[in-house]
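The structure under discussion appears below in the form of structure tokens.
The values are calculated or read from the model by the stated rules, or taken from the named source; none is laboratory data. What you see is a predicted model, and the numbers here were worked out from it, not measured in a lab. Cβ placement follows ideal geometry from the backbone for every residue including glycine, while neighbour counts extend to all protein chains displayed. These area figures cover heavy atoms from the full protein model, side chains too; ligands, DNA and RNA do not enter into them. Shrake-Rupley method; radii C 1.70, N 1.55, O 1.52, S 1.80 Å.
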Amino acid sequence: MRFARRSLLLIAVAIVTIATLVIPAGGLTTATDPESSESDRAANLLSQMTLEEKLQQLQLLSDGQITDADAKAGVGAVFSLTDAAKINHFQHVAVDQSRLHIPILFAYDTIHGYRTIFPVPLGAASSFDPSVVTADDTVAARETATVGIKQIYSPMVDVSHEPRWGRIVEGAGEDPYLGSVFAAARVKAAQGTDYSAADKVVASVKHLAAYGQPEGGREYNTTDMSEQRLRNLYLPPFKAAVDAGVGTAMCSFNAINGVPGCANQQTETDILKREWGFGGFIESDYTAVAELRACPPKTPDNGPCGHGVAADGPDAAQAALNAGTDSEMVSTNIRDFGKQLLAQGRISMSRINDAVRRILRVKLRAGLFEHPYVDQAKAVDPKSFLTADDRAAARSAAGKSMVLLKNDGGTLPLDPSKSVAVIGPLGNDQHDMLGPWWGQGRDADAVSVFAGIKAQNPKTTFTQGCTILDKDPPTNTPADECGSDAGFQAAVDAANKADQVVLALGESRGMSGEAASRVEIDLPGKQQELIDQIKKTGKPFVVVLFNGRPLTLGNVDASSPAILESWFPGVEAGNAVADVLFGKVNPGGKLPVSFPRELGQIPIYYNHEPTGRPCDPTSKYNSRYRDLPSCDPLYAFGFGLSYTKFSVTNLRLNTQSVSKDGKVTASVDVANTGSRIGDDVVQLYIHDPVASISQPVRRLRGFQRVPLEPGKTQTLSFTLNSSDFGFYDNRGKFVVEPGRIDVYAGDSSNADLVQSFTVSG
Ligand code: BGC
């Protein structure tokens, strides 16, 4: 049987090889004729390719790996090369010297900006305003494409309940609905309606899947996941990206239930490609195919390994390709062993063809065959990047992303006519403001908090107090993370001389992002002691936080009158902070992720399932911690204050009962009852109280950020349908069950207005 299958495959290979030799030269015409559809052109090109050429297309190399020989052999893609001259060089080799003249797809991690750095994605999600990421990805796509790069490894849409995990900074937080809205907005902005346009790129949604839930919050760690959680919590933003037309996807490092992301037929082929009809290609993450291999015991290094679902390189290539991975990043197993695997009948020509076709279609859609080269003059022209408009967009995005966590006694806004002491390790910092995926952003471009505040109030001083350095832990000394209080007296002196104090505290950018899990998530080092010292001066002060994850802020909250969560705001950090502190911009952001009181509460997230013993801190046998007199996070999902006041009232539904495929409209009034113009984010949650499997206590299903003048009221409407009140069960089936649905509205996940309707059977 095995022999018969192998013989058939060999015959098929022979037919394809002969066909390749006899294809008339005119065949190329279709492949290069922009009038014929991408699928026809890809099929035509494919029919002319040798097996070696096909395997080359499945290879994705880094900037440090690519050689002229690879380009000449027809390598598929290259990432992280940003020098337009080099990009043109390799493109010329590929187009002029490879047999079929297929251009290379150049890619880059443009995550929150290329040169114009916007707020980190967790910050952008805090805006609850998708126009923020539309602005980010519009500028980012244009700047990226300007150097000749046509693919970005973004959006990163991993839902996460793990603040210990450094990469929580790259996604939109803990909620699948919010994550879906932001994923779709990023894809649409990056790709436009046609990503062959000179200022557009093809997006790659990542990391498929459930990479945001590593055990213990430890980077790259394994994940064990019920089918319903996978589908209800982690997959929706991927689906939203696919529905928005995302052209490519990346499979993840982690395993789900023992199956690594890049060898996972269920997520890659069954769900993404078949169920959702994704027609693009999937690249592996960095050496993720090689990592499928078992590590040999105590041997010389034979490269990346670990998952142990493949014995060796050929096995890894087989597992990845057959599961649905189309392109291998950095490691070269598919390219190296594809021929042998095909001859052995372990992979099929139809699967190779499918993968190549997917890659060619993206290249054709990207217009690379018509426009393979980049305009080098434009690529090095400073006017192409970080324009005044780009900076203005980044500043506005940063302001919209900030969340006011506390403001006792109207500490904020600060009085711009009174003197300010900026104090703290991040107070005059440009480097960390750019966050952990700074792309081609430059420290010198960034506006520090001190510079931003001084520009709006010349009576401003800066005193560092202690240092936070962006160093990797092995070379770190405790002093690098505010481990020394030697500078505190100078900070206290500066505070005493000023009318008001801005304390700029938080993490270095290297404490967040990839490979930056933390076991403690409080303010590093002695920063809390610095707060305590400043508090003793009796001066009014605000803590402005820069960080890439929820922090445990119990002590900060207890000791500080005002706290502004700024995340890593990007290139316009200081200007945006000053806008908010002086009240030019009224903060309207809301938390996209819960902030625990204590580390031991993790995972804590608003959309958790109920238990038979709901938390009650006043009695014993229920779901609580005996050493924590509270059930809640310190700051809830969807929470954020403003300099004005809002009231959300009068929730009503247009019907009390609806069929399974019907619609319900919920309306609610929001009023600005304070004295300043400001934005509120009205949020709509639902709960299904009786279902075949326990449903989350709340699920966000709508939000609108609205600016309102003082005294003004606005009515907002939200439409709900079966995609909102249905859910996936543990067999992976989407079900809409009859019964009552409760609808909550307000301006945080603690929203307390409630109405109900019934879904009829
Ligand atoms: C990351 C990806 C990234 C890739 C290429 C990997 O280590 O996990 O998110 O796109 O590197 O830079």
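Just one of the numbered conditions (1) more than 16 Å from the ligand (Cβ to nearest atom); (2) out of contact with any Phe, Trp or Tyr (no Cβ under 7 Å at 6 or more places or on another chain); (3) in a helix (DSSP H, G or I); (4) not basic (Lys, Arg) is not true of residue 228; which one?
Going through (1) more than 16 Å from the ligand (Cβ to nearest atom); (2) out of contact with any Phe, Trp or Tyr (no Cβ under 7 Å at 6 or more places or on another chain); (3) in a helix (DSSP H, G or I); (4) not basic (Lys, Arg) one by one, residue 228 breaks only (2).
Does residue 408 qualify as being of a type in the set (Asp, Glu) and buried (at least 17 other Cβ atoms within 10 Å of the Cβ)?
So residue 408 does not fit the description; no.
Any idea which residue in the stretch 76-103 is farthest from residue 439 (Cα to Cα), counting only those that are within 16 Å of the ligand (Cβ to nearest atom) and among the hydrophobic types (A, V, I, L, M, F, W, C)? Can you show your working first?
Keep residues of the stretch 76-103 that are within 16 Å of the ligand (Cβ to nearest atom), which gives 76-82.
This time we only want the ones that are among the hydrophobic types (A, V, I, L, M, F, W, C), so: 77-79, 81.
Details: 77: 19, 78: 16, 79: 12, 81: 12 Å.
Filtering the stretch 76-103 for residues that are within 16 Å of the ligand (Cβ to nearest atom) and among the hydrophobic types (A, V, I, L, M, F, W, C), the one farthest from residue 439 (Cα to Cα) comes out as 77.
Considering the stretch 217-239 alone, what residues qualify as being basic (Lys, Arg) and more than 17 Å from the chain's Cα centre (by Cα)?
Answer for the stretch 217-239, where residues must be basic (Lys, Arg) and more than 17 Å from the chain's Cα centre (by Cα): 218, 229, 231.
Has the stretch 369-385 got at least one residue that is at pLDDT 95 or above, within 24 Å of residue 148 (Cβ to Cβ), touching a strand residue (DSSP E or B) at 6+ places or on another chain (Cβ under 7 Å) and not aromatic (Phe, Trp, Tyr)?
no
State all residues of the stretch 105-140 that are open to solvent by less than 20 Å² (accessible area, probe 1.4 Å), within 16 Å of the ligand (Cβ to nearest atom) and not hydroxyl-bearing (Ser, Thr, Tyr); if no residue qualifies, say none.
Of everything in the stretch 105-140, those that are open to solvent by less than 20 Å² (accessible area, probe 1.4 Å), within 16 Å of the ligand (Cβ to nearest atom) and not hydroxyl-bearing (Ser, Thr, Tyr) turn out to be 105, 106, 107, 111, 112, 113, 120, 121, 122, 137, 140.
Would you confirm whether or not the stretch 159-181 contains a residue that is within 15 Å of residue 280 (Cβ to Cβ) and buried (at least 24 other Cβ atoms within 10 Å of the Cβ)? Walk me through it before giving the result.
Just the residues of the stretch 159-181 that are within 15 Å of residue 280 (Cβ to Cβ), to begin with: none.
Looking for residues that are within 15 Å of residue 280 (Cβ to Cβ) and buried (at least 24 other Cβ atoms within 10 Å of the Cβ), one finds none in the stretch 159-181, hence no.
Output the residues belonging to the stretch 63-80 that are closer than 14 Å to residue 101 by Cα and part of a strand (DSSP E or B).
Hit for the stretch 63-80 is 77, nothing else.
I want to confirm something. Restricting to the stretch 274-317 and keeping residues that are more than 16 Å from the ligand (Cβ to nearest atom) and open to solvent by less than 20 Å² (accessible area, probe 1.4 Å), which single residue is nearest to residue 79 (Cα to Cα)?
317
For the stretch 501-549, how many residues are open to solvent by less than 10 Å² (accessible area, probe 1.4 Å), within 16 Å of the ligand (Cβ to nearest atom) and at positive phi?
Number of matching residues: 1.
Filter the stretch 184-201 for residues that are β-branched (Val, Ile, Thr) and surrounded by 23 or more Cβ atoms within 10 Å (Cβ to Cβ); which is farthest from the chain's Cα centre (by Cα)?
Filtering the stretch 184-201 for residues that are β-branched (Val, Ile, Thr) and surrounded by 23 or more Cβ atoms within 10 Å (Cβ to Cβ), the one farthest from the chain's Cα centre (by Cα) comes out as 201.
Restricting to the stretch 741-758, and then to whatever is of a type in the set (A, V, I, L, M) and closer than 20 Å to residue 632 by Cβ, can you tell me which residue is most open to solvent (accessible area, probe 1.4 Å)?
754
Can you go through 349, 250 and tell me which one is within 16 Å of the ligand (Cβ to nearest atom), open to solvent by less than 20 Å² (accessible area, probe 1.4 Å) and at pLDDT 95 or above?
Only one candidate qualifies: 250.
Look through 242, 259 and report the one residue that is among the aliphatic types (A, V, I, L, M), under 17 Å from the mean Cα position of the chain (by Cα) and either more than 16 Å from the ligand (Cβ to nearest atom) or crowded, with 24+ Cβ neighbours inside 10 Å (or both).
The unique qualifying residue is 242.
In this structure, does residue 213 turn out to be at pLDDT 95 or above, more than 14 Å from the ligand (Cβ to nearest atom) and crowded, with 24+ Cβ neighbours inside 10 Å?
Details: at pLDDT 95 or above: yes; more than 14 Å from the ligand (Cβ to nearest atom): yes; crowded, with 24+ Cβ neighbours inside 10 Å: yes.
Here the answer is yes, as residue 213 does meet what is asked.
I'd like to verify a number: residues in the stretch 379-391 that are surrounded by 14 or more Cβ atoms within 10 Å (Cβ to Cβ) and either in a helix (DSSP H, G or I) or of a type in the set (S, T, N, Q) (or both), how many?
Number satisfying all stated conditions: 6.
Can you say whether residue 662 is over 31 Å from the mean Cα position of the chain (by Cα), at pLDDT 95 or above and open to solvent by less than 40 Å² (accessible area, probe 1.4 Å), as far as the supplied structure shows?
For residue 662, the condition - over 31 Å from the mean Cα position of the chain (by Cα), at pLDDT 95 or above and open to solvent by less than 40 Å² (accessible area, probe 1.4 Å) - is met.
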